1. Could you give the length gained by full extension between LYS141 and ILE102, i.e. 0.36 nm per residue of separation minus their alpha carbon distance, to one decimal place?
2. Treat every Asp and Glu Cβ in the chain as -1 and every Lys and Arg Cβ as +1, leave all other atoms uncharged, and give the resulting dipole magnitude about the Cα centre to the nearest 20 debye.
3. Calculate, axis by axis, the spread of Cα positions in region 4-82 along the three principal axes, and write the results as whole Å, longest axis first.
4. Cα centroid distance between region 1-76 and region 81-151, in Å?
5. What does region 90-205 give for Rg and for Dmax, in Å, if only its C-alpha atoms count?
6. By average Cβ neighbour count within 10 Å, what is the ranking of 54-67, 119-132 from highest down?
7. In the chain, if every C-alpha pair distance is counted and binned at 5 Å from zero, what percent goes to each bin?
8. Output the pairs from LYS141/LYS195; LYS98/LYS152; LYS93/LYS163; LYS103/LYS182 with a Cα-Cα distance over 25 Å in this structure; if there are none, say none.
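The numbers here are math on the coordinates, done by the rules we state, and not lab data. If you're wondering where the values come from, they're calculated on a predicted model, not measured in any experiment. As a convention, Cβ positions derive from the backbone with ideal geometry for all residues, glycine included, and neighbour counts pool all protein chains shown.
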Amino acid sequence: MTNRRNYRITTYQQAFEEVLGIAFDERLKKFVTGLEKDGHTEKSISFAIWRTKDELEKYASMLFEVGFDNFLVVLKNEICKYSWTKDDPRWEKYKSNKERDIKINEYAKKMKVNDFVYFVQGENGGSIRIGYTINPTVTLKSLQNGYPDTLKLLVVIPGSEDKVLEYFNKFSKYKLKGGWYKPVKEIFDEIETLKAIYNQVEVIKC
C-alpha cells in the first residue's frame, strides 16, 4: 500500500521511470497528451500513477505478455481513479467531504476535549457503528474505506473508551460484529437524545 504522506511524484519522468520503471517514450508521450486534451494535468496524472503503482507495477512488469495497447487501457483506467478533470462530478463529493471535515473539526475544538464517542450508519440504512476515537475525521475516513455505502455520522459526543463500553453493554443484545449493531429504535432514541443534549441537529456525511 502506498503512503500518501511520502508523495513527491509530480512529473511524467518521475511517474513512469522512477515509479513504474519504464521509459517515458514517444508512445507514452502521445498517451498523456491525449489525457491532457481531456482536461487532466501532468501533476494529477503523475500523482495517480504513483497512487495506483501497486496495481500498475504488475502490468508494467509483464508488458511483453499483456501487450502495450492492453497496458495503456489498464493505465488509463487506473489514472482516471485519481486524476480528475475540472468538470468531474467527484469534485462535488470532495468539496462536500471537506466541508464535513471542517464542521467536525470545529465541533471538536469547541468541545475542548480529546476523546469522542460516535454513532455512524450507511446513508441507505443498515447497521450502526458505535465507537471511540481521538480524531473523528480520520476515523470516519478509515471506516469509509471498503464500505459499500456512503457513511453518515449520526452523532459524535465527548466520551472516553469507558463510555463506549457502557453503550456496548447497554445495546449488547443488538450486537452484530465488532462495533456494529442492529439499527433498532432503542439506539435511534439514544442518538436523538444525544443530538438534543449536544445540539447536533445536522447529519454530517462521510
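1. Numbers: separation 39, 0.36 × 39 = 14.04 nm, distance 1.35 nm.
Result for the pair: 12.7 nm of gain on full extension.
2. Working: 35 positive and 30 negative charges, 111 e Å.
Dipole about the Cα centre, nearest 20: 540 debye.
3. 32, 28, 21
4. Spelled out, the Cα-based centre of one part sits 29 Å from the other.
5. 13.6, 41
6. Working: 54-67: 13.6, 119-132: 18.1.
By packing density, highest mean first, the sequence is 119-132, 54-67.
7. With a bin width of 5 Å, the distribution comes to 1, 6, 12, 15, 13, 10, 9, 9, 9, 7, 5, 2, 0.
8. Working: LYS141/LYS195 22 Å; LYS98/LYS152 14 Å; LYS93/LYS163 32 Å; LYS103/LYS182 27 Å.
Check vs 25 Å cut-off fails for LYS93/LYS163; LYS103/LYS182.
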